[in-house]
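What follows draws every value from the coordinates through simple rules; no lab data is involved. Remember, predicted model here, so these are calculated numbers, not experimental data. Glycine also receives a Cβ, built like all others from the backbone with ideal geometry; neighbour counts cover every protein chain displayed.
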Amino acid sequence: MSGVSLKKFVLPGFAAIVAASAALAATNEPTTTPAYANALTKLDADDYVRHANEVFSLADQDGSGTLDQDEHQALAIVQAELARLNGFVSISIDGEAATVALPDEAARELSEAERARIGAVATRQFFQAAGSDGALDRSEFASFEMERFLSADANRNGVLKSKELTRFATQLALAPSGKAASV
């Protein structure tokens, strides 16, 4: 993948983040309400499939109904960067965002080496999940995401809570901690 292709997807997202951060910094009023108060305490498989479908729609930048390797890699890098900078993973279910906090050691800026590692992991994941056509359609993406969910569901009850949910969030942020390093 060329750096130019990745930049056309990633740079606009980072520009929006910088603008939003500047707007937040410009407010002088201290707030007593956390900015991200909707902490997720459990996540069931059906809700996660709906989240995966929302993510797919956002990641399909060219509107083709499939993700190509560049779109998938950009998605992985942007999601990891946002999660690591914010210290949480955002899960959107039916348009409502909720957050899962990352362990302190995972919440930090990505290094260039980590971006390269995440890009390599995303490329490997893409080719594992994509069909013979070399594109990832919505059902293939949802199946891949469901495999990730199920791998975090230690007690196989279809619901992630507590340590399962934290471990899953770490995996989604592609943070090199515990089992998440082997995604």
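A few comments on the model shown:
- Formal net charge of residues neighbouring residue 130 (Cβ-Cβ distance under 13 Å; K, R +1; D, E -1): -4
- Cα-projected label distance for residue 41 with residue 61, points at 7 Å along beta-carbon direction, nm: 3.9
- For the pair residue 104 and residue 161, label points projected 7 Å from Cα toward Cβ lie 2.7 nm apart.
- Residue order, fewest to most beta carbons within 10 Å, for 46, 153: 46, 153
- Cut-off under 5 Å, modelled amide H: who pairs with residue 137 long-range: 67, 131
- Cβ crowding within 10 Å averaged over residues, with 73-80, 52-59 ranked highest first: 73-80, 52-59
- Taking Cβ atoms as reference points and 15 Å as the exclusive limit, the residues near residue 155 contribute a net charge of +2, counting Lys and Arg as +1 and Asp and Glu as -1.
- Lys, Arg +1 and Asp, Glu -1 on Cβ, resulting dipole of the range 37-183 about Cα centre, debye, nearest 20: 720
- Each Lys and Arg adds +1 at its Cβ and each Asp and Glu adds -1 at its Cβ; summed about the Cα centre, the range 56-134 shows a dipole of about 280 debye.
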